[in-house]
1. Please report, in Å, the Rg and the Dmax of the chain, where both are computed over Cα atoms only.
2. So, in Å, what gap is there between the alpha-carbon centers of the stretch 7-58 and the stretch 62-97?
3. Any chance you could give the angle, 0 to 90 degrees and rounded to 10, that helix 9-30 forms with the longest Cα principal axis of the chain?
4. For H5, what residues show an amide H to amide H distance below 5 Å, using hydrogens built from the backbone and excluding near sequence neighbours?
5. Can you put K122, K101 in order of Cβ neighbours within 10 angstrom, beginning with the fewest?
6. Please report, in cubic angstrom per residue, the volume enclosed by the convex hull of the alpha-carbon atoms of the stretch 44-124.
Amino acid sequence: MARRHESLIPLSHGHHHGLVLSLRIRRTLARSGLDADALRELARAVVAFFESDLAWHFAAEEEGLFPLMEANLGRLALIEELREEHDRFRAWIEALRRSMKTTPSAETLQAFGVLLHDHIRKEERVLFPIFEQRMPPEEARRAGEAIARRLAVLSPRERGDIWPLLDI
Ligand SMILES: [Fe+2]
Ligand SMILES: [Fe+2]
């Protein structure tokens, strides 16, 4: 497999964490006799991952990667699709937050995990190769800076803030 463009590596790291979560969702939902407590615990993990990682990952793509790709390559239906999927994840997170005091929907959790896997695969296998093949080198470098800036400014994980919290 070709080596990832340097500018995209922080996003690929995020994708790795996302795939781990998707697998956890699938494995948990496959367990028999899943009760409301287990669903709440899973929903809490999904919302926590969104807050610590995914929200900032989406922002880095929407504000750092997508606009620079569109400025250089024109409008891409694929990017429209990816933006719509980000919105769908945000809506599911809202629904999971609202359901935390009752019973989170297993269907919503499952749909979240499946789309997360497919969304990541689409970015890794379709979007990133377009970036690597068609972006002018200087623009690709600029995109990398924009992505890194968004992640460094916003993401608790990138800032390192989340680790002291987890140690308590
Ligand atoms: Fe994305
Ligand atoms: Fe992504």
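Here, each number is a calculation from the coordinates, and none is a lab measurement. In this text the structure is predicted, and so the values were computed from the model without any measurement. Backbone-built Cβ (ideal geometry, glycine too); neighbour counts: all protein chains shown.
1. 16.9, 54
2. So the separation of the two Cα centres works out to 19 Å.
3. The angle comes out near 20 degrees.
4. Close amide H contacts, sequence-distant or interchain: none at all.
5. On the way: K122 15, K101 8.
So the residues, fewest neighbours to most, are K101, K122.
6. Values: hull volume 6.7 nm³, N = 81.
Each residue corresponds to 83 Å³ of Cα convex hull volume.
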